[in-house]
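Asks: Dumping the structure here so I can ask a few things about it.
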Amino acid sequence: MKDLVSRCPIEEVMQVLSGRWPALLIYYLHEGTKRFTDLRRDNPTISHKMLAFELRKLEDAGIVRRTEFGGYPLRVEYDLTPAGERLVPLIDALGDWWEAQEPGFTDTPPTVAASAEV
């Protein structure tokens, strides 16, 4: 059920894309249809449980399509929906923006408490 108060579209998108894995999964799926094991190979530091969770979240958002093929063992493939494909240029643009930043951009600014000690 939708919230009574409509949320900002950017907030909705960031809810789906936030975290370490969603943008990377979209990026890897842009290369083509992949199986679960392929995605684990592309992202060796993601746990089995987290990969399943993130794929389900992207599937629920209409960004990833999950296709099951009968037989034993069950074969499942993942690919991007048209909505997922439309996200790829936006993710690329974020990467370009990051690379264009000045050196030191990611340095943590001093905290208020640290500057008060001076």
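Coordinate-derived values only; no laboratory data. Values in this document were obtained by computation on a predicted structure and should not be read as measured data. Note that each Cβ is placed from the backbone with ideal geometry, even for glycine, and that neighbours are counted across all protein chains shown.
Asks: In percent, what relative contact order does the stretch 9-78 have, based on Cα pairs under 8 Å that are 6 or more apart in sequence?
Replies: 32 percent
Asks: Stretch Arg7-Glu68 to full length: gain in nm at 0.36 nm per residue minus the Cα-Cα span?
Replies: Values: separation 61, 0.36 × 61 = 21.96 nm, distance 3.34 nm.
Taking Arg7 through Glu68 to full extension adds about 18.6 nm, to one decimal.
Asks: Could I ask something else about it? Could you pull out every residue, at least 5 positions away or on a different chain, whose amide H is within less than 5 Å of the one on Arg65? Hs are placed 1.01 Å off N in the peptide plane, and Pro or chain starts have none.
Replies: Residues meeting the criterion, in which the H sits 1.01 Å from N, are Asp79, Leu80, Thr81.
Asks: Turning to a different aspect of this structure: What number comes out for the charge environment of Val76, summing +1 per Lys or Arg and -1 per Asp or Glu over other residues with Cβ under 9 Å away?
Replies: Net charge in that neighbourhood comes out at +1.
Asks: A further question follows. Say the dipole of the stretch 9-101 comes from +1 at the beta carbon of Lys and Arg and -1 at that of Asp and Glu; which of Pro89, Thr37, Gly19 then lies farthest toward its positive end?
Replies: In the stretch 9-101, that residue is Thr37.
Asks: Of His30, His48, how do they rank once you tally other Cβ atoms within 10 Å and put the fewest first? Can you show the working numbers first?
Replies: Details: His30 16, His48 9.
Ascending Cβ contact count within 10 Å gives the list His48, His30.
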